[in-house]
Amino acid sequence: MSAKGTADDETLDLVFKALSNGNRRRILDLLKDHPRTTGDLCANFPALDRCTTMQHLGVLHRAGLVIAQRKGRERWNYLDVVPIKMIHDRWIGDYARSAVEPIANLKSDLETMSS
């Protein structure tokens, strides 16, 4: 991340690479609800062997999307939404604002007309 608090291109490349794979997006979907152990995540992908699932977790970890913490013999995986927020702030936020502003203006105009 640069000094201004925005993601540099190398960081964003890792995030976009991580998000480009359906299995990795599904892992993030599972982590969205609550942290999960690596064993639990692997059990959710019966078509993949444990090693492949661990490789996907490694890509997510390097992109900063997953934080792993060891608790005893278990490895708990947590979703870190900061990289996704950086994407939102850089590319989506301005567009979302411009889409919501006319709706807010319409609401205000309708309220004024009904007064």
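Observations on the model:
- Among the residues examined, Arg70 does not qualify as open to solvent by less than 80 Å² (accessible area, probe 1.4 Å) and farther than 29 Å from Asp9 by Cβ.
- Odd one out for Ala7, checked against (1) crowded, with 17+ Cβ neighbours inside 10 Å; (2) modelled with pLDDT of 95 or more; (3) not charged (D, E, K, R): (2)
- Yes/no for Asp33 being modelled with pLDDT under 95 and surrounded by fewer than 18 Cβ atoms within 10 Å (Cβ to Cβ): yes
- Residue within the range 1-11 that is assigned to a helix (DSSP H, G or I) and among the basic types (Lys, Arg) present: no
- Selection within the range 47-67 - surrounded by fewer than 14 Cβ atoms within 10 Å (Cβ to Cβ) and β-branched (Val, Ile, Thr): Thr52
- Positions within the range 74-97 being open to solvent by less than 70 Å² (accessible area, probe 1.4 Å) and modelled with pLDDT under 80, in sequence order: Gly93, Ala96
The values are calculated or read from the model by the stated rules, or taken from the named source; none is laboratory data. Since we're looking at a predicted model, the values are computed, not measured. Here the Cβ is made from the backbone with ideal geometry for all residues, glycine too, and neighbour counts use every protein chain on show. Accessible surface areas use protein heavy atoms only, side chains included; no ligands, DNA or RNA. Shrake-Rupley method; radii C 1.70, N 1.55, O 1.52, S 1.80 Å.
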